[in-house]
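Read-outs throughout are calculated quantities, based only on the coordinates presented, and are distinct from any laboratory measurement. Everything quoted here is computed from the prediction, not taken from an experiment.
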Amino acid sequence: MAQGDICPKCGYYMYAISEKEDLDGSWIVYECRNERCKYRMKSFESQPADLDFNVVKLDAQN
Ligand SMILES: [Zn+2]
């Protein structure tokens, strides 16, 4: 799950209120913490096997 998502409208942090797994990843609904804003957005985080491999390789180089 992504961390530190910032509300595009007011700049507050957003937090995940629901997560639904799909075949290639998961749909996450974020909501703004600002009581006056409450902006919501949906974000898809894919997790294909190729990507995991690349991430591991990058970590090894550091
Ligand atoms: Zn906001």
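Remarks
- Residue separation of K20 and E45 scaled by 0.36 nm, minus their Cα-Cα distance, works out to 8.0 nm of gained length.
- Sequentially through region 15-30, phi angles give Karplus couplings (6.51, -1.76, 1.60; θ = phi - 60°) of 10, 6, 9, 7, 9, 10, 6, 10, 4, 9, x, 9, 8, 10, 9, 9 Hz, Gly and Pro residues having no value and appearing as x.
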